[in-house]
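Input: a single structure, listed below in structure tokens.
Taken together, the values in this text are just the output of simple stated rules run on the coordinates, not laboratory data. Everything numeric here is computed off the predicted structure, so don't read it as measured data. Note that we place each Cβ from the backbone using ideal geometry, even for glycine, and neighbour counts take in every protein chain shown.
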Amino acid sequence: MFHDKKIIAIIPARGGSKGIPNKNIVDVNGNPLIVYTINAAKESQYIDRIYVSTDSTEIADVCRANGVDVDSLRPCYLATDEARTLDTLKYTLNLLQSQNEYYDYVILLQPTQPLRSHIHIDEAIDLIAIHENASIISVSEVEDHPLFMRKINEKGKLESLLQTSSTVRRQDLPVYYKVNGAIYINKVSDIVTQDISLNDNQIPYVMGRQYDLDIDTLEDLERLRWLLK
């Protein structure tokens, strides 16, 4: 509970994964990957309920073994490569409301961002007190500045992404941020009634770059194991 507002954390974890088989429950230094996100949510002082949305009985068993109930499995149509995370949130929240379980805010925590801690979660939730009706998203400062990025046009020539001169001292460069996928916070009413874009949430929660690690490849997994050691 935060300022009389009930908060549910939803962790989406489907069973299929092409890059890393069983990615969400792959062993990482003695724990399944998803457990790092479960533990961060459990340690939050504000989250009222943790809900794991999965289509996998194996993932469900891991969650139950780590103190999170999985009431039912996600429908198959929400577990495809084309399924949107937003639709999973809508389905879950509507399901809970049909069971007379209501929340004010939902925080989306993706298990592929295991370095996000309960401190990050609670600091992001604290922003609700300042921006009560806004949507919140975690970001990290970019490592490679977009001023020096180029695309190749249809004529085979380089074009700048930013329409400004790149003759700038590095210390004078404006700061740019990337959506890191670790934390999304939205009003439940906005999720269930609108077709929003989560990546377009408006209020930034800035995280250090050292916490931004999205597990997508085997190389990412090895880096995580090394960092946790």
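Give me the net charge for the shell around ALA129: Cβ to Cβ below 12 angstrom, other residues only, Lys and Arg +1, Asp and Glu -1.
-4
Relative to the first principal axis of the alpha-carbon coordinates of the chain, what is the inclination of helix 33-42, with its axis defined by its Cα atoms, in degrees from 0 to 90 and to the nearest 10?
Value to nearest ten degrees: 70.
Please compute the length gained on full extension between ASP69 and ASP195, using 0.36 nm multiplied by the number of residues separating them and subtracting their Cα-Cα distance.
42.5 nm
Each residue of segment 96-106 in turn: what ³J(HN,Hα) in whole Hz from Karplus with 6.51, -1.76, 1.60 and θ = phi - 60°, glycine and Pro shown as x?
Using θ = phi - 60°, the values come out as 5, 5, 5, 9, 6, 10, 10, 9, 8, 10, 10 Hz.
Which entries in the list LYS18/LYS229; LYS187/LYS229; LYS18/LYS157; LYS18/LYS151; LYS90/LYS229 go over 31 Å, if you measure between the two C-alpha atoms of each?
Those over the limit are LYS187/LYS229; LYS18/LYS157; LYS90/LYS229.
Please list log₁₀ I(q)/I(0) at q = 0.15 Å⁻¹ for segment 27-132, using the Debye equation with identical point scatterers on the alpha-carbon positions.
Taking Cα atoms of segment 27-132 as identical point scatterers yields -0.70.
Sequence-distant or interchain residues sharing an amide H contact under 5 Å with TYR51, placed H: which?
Residues meeting the criterion, in which the H sits 1.01 Å from N, are ALA9, ILE10, ILE11.
What is the sum of charges around ILE185, taking Lys and Arg as +1, Asp and Glu as -1, for the other residues whose C-beta is under 12 Å from the C-beta of ILE185?
-4
When Lys and Arg each count +1 and Asp and Glu each count -1, what net charge do the other residues less than 14 Å away from SER44, Cβ to Cβ, add up to?
0
Using Cα pairs closer than 8 Å and at least 6 residues apart in sequence, work out the relative contact order for segment 136-202, in percent.
46 percent.
Given Cβ point charges of +1 (Lys, Arg) and -1 (Asp, Glu) and nothing else, what value in debye, to the nearest 20, does the dipole of the chain about its Cα centre take?
520
What do you get for Rg/Rh over segment 108-229 if you use C-alpha atoms and the Kirkwood form of Rh?
1.04
For a Förster distance of 30 Å, can you work out the FRET efficiency between the beta-carbons of LEU228 and THR57, rounded to the nearest 0.05?
The pair LEU228/THR57 has a calculated efficiency of 0.65.
How big is the convex hull of the Cα atoms of the chain, per residue, in Å³?
Convex hull of Cα atoms, per residue: 165 Å³.
Under the Karplus relation 6.51 cos²θ - 1.76 cosθ + 1.60, θ = phi - 60°, what is the ordered set of whole-Hz ³J(HN,Hα) values for segment 47-64, x standing for Gly and Pro?
Per residue, the Karplus-derived 3J(HN,Hα) values read 6, 8, 8, 10, 10, 9, 9, 9, 9, 10, 5, 5, 5, 4, 5, 4, 5, 4 Hz.
For a protection proxy built on the mean count of beta-carbon atoms within 10 angstrom, sort 59-67, 29-37 highest first, please.
Answer by packing, highest mean first, reads 29-37, 59-67.
Could you work out the relative contact order of the chain? I mean the mean sequence separation of Cα pairs under 8 Å and 6+ apart, divided by the number of residues, in percent.
For the chain, the relative contact order is 25 percent.
Run the reach check for LYS42 against aspartates and glutamates, Cα to Cα strictly under 18 Å, same-chain hits fewer than 8 apart removed. What comes back?
Cα-Cα hits under 18 Å: ASP61, ASP69, ASP71, ASP122, GLU123, ASP126.
Can you tell me the length gained on complete extension of the stretch LEU158 to GLN210, counting 0.36 nm per residue apart and subtracting the Cα distance?
Separation in residues times 0.36 nm, less the Cα-Cα distance, equals 15.6 nm.
Could you run the Karplus curve 6.51 cos²θ - 1.76 cosθ + 1.60 with θ = phi - 60° over segment 217-229 and give me ³J(HN,Hα) per residue in whole Hz, x for Gly and Pro?
Once θ is set to phi - 60°, the couplings for segment 217-229 become 10, 4, 5, 4, 5, 5, 5, 4, 4, 5, 5, 5, 6 Hz.
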